[in-house]
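The next block holds one structure in the form of structure tokens; read it before the comments.
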Amino acid sequence: MKHADALLAKWQASSAWLPSGRLHLQQGPIDLVIRAEGSETETQAAYRQAAESFDEILPGLIRDLKRLRAPLTSKENSAWSSPTAERMHRACRPHAALWITPMAAVAGAVADTILAAMREGRRLERAYVNNGGDIAFHIGEGRSFKVGLVTSLQSPGVGGRTEIPHESPVRGVATSGFDGRSLSRGIADAVTVLARDAATADAAATMIANAVDADHPAILRRPAEELQADSDLGRSPVTVAVGKLPAKVIEAALNSGAATAEGMLRGNLIEGANLALRNRRVTLQNAKGKVVTRWN
């Protein structure tokens with residue numbers, strides 16, 4: 001508890017209003033940009049509910065931090081201290097046969113928790129919670145939500161767009177890859193995943209980005225704990241640099257990631273994925289009688 005108290009004392013929460021009526025909430029590693037659309041009464045109430053819920057996010061995660069950093073097993077079904085931790089566990093559990101910790105879904109799960117708080121008892125036309133690029137969103141009837149696609153985390157910029165209509169089941173998007181906010185065991189420049197919620201998208205993007213991988217002398221790796229002493233990846237090797245790669249290596253790496261994404265599509269874990277590596281892109285989508293999300 002002393003460690004938890006020290007972290008909370010170090011990471012003071014802050015809030016501010018941004019242009020276009022967006023709300024910025026920040027504490028420690030959590031950095032949210034929030035927007036609600038609807039009547040003035042409803043949106044202001046939604047923002048209040050977001051701020052109130054935010055106060056409980058980090059304390060809840062810190063209480064479960066040791067377990068959240070541990071590799072997940074298919075038998076793990078213990079109770080968690082917060083709804084965010086439960087969302088992290090639920091999103092990562094389908095991948096328990098592979099090596100994963102619930103931390104793989106932390107950014108998306110935080111976004112989901114705040115969005116759920118905003119919508120509680122409210123009538124909103126549209127809303128979103130953007131946690132560093134992992135986004136949970138609400139789309140009212142007759143509305144849609146446009147998302148800019150990042151095709152390189154090394155030099156972020158919009159490399160494409162996808163538009164999600166109300167009829168689509170997608171309500172979360174997440175991006176992972178080499179040289180992003182989190183460490184990666186793969187070499188993807190960026191993997192963007194669409195799913196039914198942000199936590200699910202976050203975990204899937206992590207796993208697909210790890211699968212975009214190859215063995216080549218131009219790829220440099222180091223143990224995760226040498227880069228981040230408290231990393232949940234421990235001594236697992238993570239990518240720190242990727243040099244020039246032959247076309248066949250790029251193709252093999254993307255094919256490996258695409259195979260992982262296709263398995264998730266068949267299992268109805270995700271609704272779509274966009275994989276990018278060295279100016280090459282692979283896009284996959286679940287269109288089994290569902291509304292097709294437009295990529296461009």
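Miscellaneous remarks
- The label point for Ala97 and the one for Leu220, both projected 7 Å from the Cα toward the Cβ, are 3.7 nm apart.
- Alpha-carbon centroids, the stretch 95-138 and the stretch 156-212: separation in whole Å: 13
- Alpha-carbon Debye profile of the stretch 1-145, log10 I(q)/I(0) at 0.10 Å⁻¹: -0.37
- A 1.4 Å probe run over the stretch 115-214, with the rest of the protein chains in place, finds 36 Å² accessible per residue.
- The charge dipole of the chain, taken about the Cα centre with unit charges on the Cβ atoms of Lys, Arg (+1) and Asp, Glu (-1), comes to about 520 debye, rounded to the nearest 20.
- Helical segments meeting 24 Å axial Cα length and Kyte-Doolittle 0.0 threshold in the chain (DSSP H): 247-266
- For a straight C-alpha distance cut-off of 18 angstrom, the aspartates and glutamates reachable from Lys248 (same-chain residues fewer than eight places away being disregarded) are Asp189, Asp213, Asp215.
- Inter-label distance for Lys146 and Ala259, nm, one decimal - labels placed 7 Å from Cα along Cα-to-Cβ: 3.8
- FRET E, pair Gln26, Lys248, Förster distance 35 Å, beta-carbon r, rounded to 0.05: 0.20
- About the Cα centre, charge dipole magnitude for the stretch 195-250 (Lys/Arg +1, Asp/Glu -1 at Cβ), debye: 340
- Cβ-based charge dipole, the chain, positive-most Cα from Trp17, Val240, Ile139: Val240
- Relative protection proxy for 87-95, 205-213, from highest mean packing down: 205-213, 87-95 (other beta-carbon atoms within 10 angstrom).
- The alpha-carbon atoms of the stretch 74-220 define a convex hull whose volume equals 116 cubic angstrom per residue.
- Residue-span extension gain [Ser14 to Arg63] - 0.36 nm each, minus C-alpha spacing: 15.6 nm
- Distance between modelled label sites at Ala79 and His166, nm, 7 Å Cα→Cβ extension: 3.9
- Evaluated over the Cα positions of the stretch 33-85, the convex hull gives a direction-averaged projected area, one quarter of its surface, of 5.1 nm².
- Solvent-accessible surface of protein heavy atoms, probed at 1.4 angstrom with all chains present, puts Leu153, Leu220, Leu61 in the order Leu220, Leu153, Leu61, largest first.
The values are calculated or read from the model by the stated rules, or taken from the named source; none is laboratory data. What you see is a predicted model; the values in this text were computed from it and never measured. Cβ coordinates were reconstructed from backbone atoms using ideal geometry, including for glycine residues, and neighbour counts include every protein chain displayed. Areas reflect the complete protein model, heavy atoms only, side chains present, ligands, DNA and RNA absent. Shrake-Rupley method; radii C 1.70, N 1.55, O 1.52, S 1.80 Å.
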